[in-house]
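The values are calculated or read from the model by the stated rules, or taken from the named source; none is laboratory data. Source: prediction; values computed, not measured. As a convention, Cβ positions derive from the backbone with ideal geometry for all residues, glycine included, and neighbour counts pool all protein chains shown. Note: accessible area is taken over every heavy atom of the protein model, side chains too, but ligands, DNA and RNA are not part of it. Shrake-Rupley method; radii C 1.70, N 1.55, O 1.52, S 1.80 Å.
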Amino acid sequence: MTAERIDGKAFAAGLRERVGAHAGKFASATGRKAGLAVVLVGEDPASQVYVRSKHKATVEAGMESFEHRLPAETSELELLKLVEQLNADEAVDGILVQLPLPGHLDEQAVIGAISPDKDVDGFHVTNAGRLAVGQSGFVPCTPLGCMMLLTDRLGDLSGLEAVVIGRSNIVGKPMAQLLLDANATVTIAHSRTKDLPAVVKRADIVVAAVGRAEMVKAEWLKDGATVIDVGINRLPPAEGEEKGRLVGDVDYAGAEGVASAITPVPGGVGPMTIAVLLRNTLVAAYRNAGLEVPEGL
Ligand code: NAD
């Protein structure tokens with residue numbers, strides 16, 4: 001068997017197109033564009049790249065992008081003041097503070113200061129709580145993107161065995177909640193799990209969010225499993241390469257022979273994250289304007 005490659009890039013492009021179309025309708029209905037404010041503190045090179053691509057994608061989707069770049073030595077009080085100002089700004093529907101923050105800033109305090117109704121990253125404890133009890137809020141972009149790919153492929157997930165490897169607040173835990181909400185039987189595996197291969201072997205759905213290059217082997221997988229690979233790992237450069245290859249947490253070449261479908265790295269989950277961020281921002285805009293969120297977003 002050769003697994004079907006789940007094309008996250010194409011799915012994300014479709015989602016961005018739908019968001020763009022609805023963003024246009026939102027602007028005509030309200031006389032203003034939906035707006036996303038992104039706050040970057042310091043000069044972390046990876047964060048700068050992320051913030052730039054979020055800005056570009058927001059503008060391309062016909063939404064307003066407000067960028068706030070602050071020096072690394074910004075105090076917590078200054079940052080909290082900016083968040084307060086953005087909370088009160090009616091042109092701003094979504095607020096994203098790019099993580100990681102410099103070490104002297106308390107990430108939890110900063111995220112906690114964002115209005116939960118503008119927390120389009122879904123990191124605020126109120127939104128984590130809403131997800132846990134099944135209320136509508138904002139769900140972190142990466143796991144929500146994974147869920148969209150899964151339901152697009154599998155439809156009803158009721159009764160399927162799902163194993164999520166990784167228990168972070170931004171990927172593993174919300175992923176498990178979403179799968180549970182969809183009536184899957186969910187196991188969360190992590191660094192202390194005993195006999196991980198045997199746990200993974202049960203799974204109809206495997207979501208790997210660990211951050212270890214090609215850790216999940218073909219032999220661990222059940223025949224016909226659907227595999228979502230969240231990991232992004234750079235291998236050391238091979239001879240003649242300037243940069244090492246990007247790989248996921250799953251041994252793609254091996255898994256392809258056992259799974260029924262699998263997301264590649266790159267081109268699988270990665271492109272979904274920004275597309276879902278745009279989607280969450282537009283959902284926030286509709287809700288903040290007191291309008292019904294259109295179907296299909
Ligand atoms: P994290 O470091 O916060 O969490 C990793 C989790 O893996 C932990 O819960 C830990 O218990 C578990 N783990 C570590 N070693 C393990 C082992 N040997 N066996 C089983 N479990 C083990 O990471 P994260 O933020 O959840 O991210 C995970 C991966 O996903 C990273 O590679 C990250 O780059 C990637 N990621 C990708 C996107 C995207 O847009 N595609 C978004 C977020 C994270």
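Every test in (1) open to solvent by 80 Å² or more (accessible area, probe 1.4 Å); (2) in contact with a His (Cβ under 8 Å, 6 or more places away or on another chain) is passed by Leu82 save one, and that test is (1).
Counting only strands (runs of 3 or more DSSP E) wholly contained in the range 92-207, no element carries 3 or more residues that are at pLDDT below 95 and open to solvent by less than 50 Å² (accessible area, probe 1.4 Å).
Consider Ala46 carefully, then state whether it is at pLDDT below 95, closer than 15 Å to Ile274 by Cβ and open to solvent by less than 80 Å² (accessible area, probe 1.4 Å). It is true that Ala46 is at pLDDT below 95, closer than 15 Å to Ile274 by Cβ and open to solvent by less than 80 Å² (accessible area, probe 1.4 Å). Would you confirm, using the coordinates I've provided, whether Leu221 is farther than 21 Å from Ser191 by Cα, within 16 Å of the ligand (Cβ to nearest atom), surrounded by 15 or more Cβ atoms within 10 Å (Cβ to Cβ) and not charged (D, E, K, R)? It is false that Leu221 is farther than 21 Å from Ser191 by Cα, within 16 Å of the ligand (Cβ to nearest atom), surrounded by 15 or more Cβ atoms within 10 Å (Cβ to Cβ) and not charged (D, E, K, R). Taking every residue in the range 188-210 that is in contact (Cβ under 8 Å) with a residue 40 or more places away in the chain and pairing it with any residue that is open to solvent by 50 Å² or more (accessible area, probe 1.4 Å) and outside any loop (DSSP other than H, G, I, E, B), at least 6 positions away or on another chain, the pairs with Cβ-Cβ distances below 8 Å are Arg202/Glu161; Ala203/Glu161; Asp204/Glu161; Ile205/Leu154; Ile205/Glu161. For the criterion of being open to solvent by 40 Å² or more (accessible area, probe 1.4 Å) and in contact (Cβ under 8 Å) with a residue 24 or more places away in the chain, Pro236 fails. Of everything in the range 127-136 that is of a type outside the set (Val, Ile, Thr) and over 15 Å from the mean Cα position of the chain (by Cα), the residue that is nearest to Pro271 (Cα to Cα) is Ser136.
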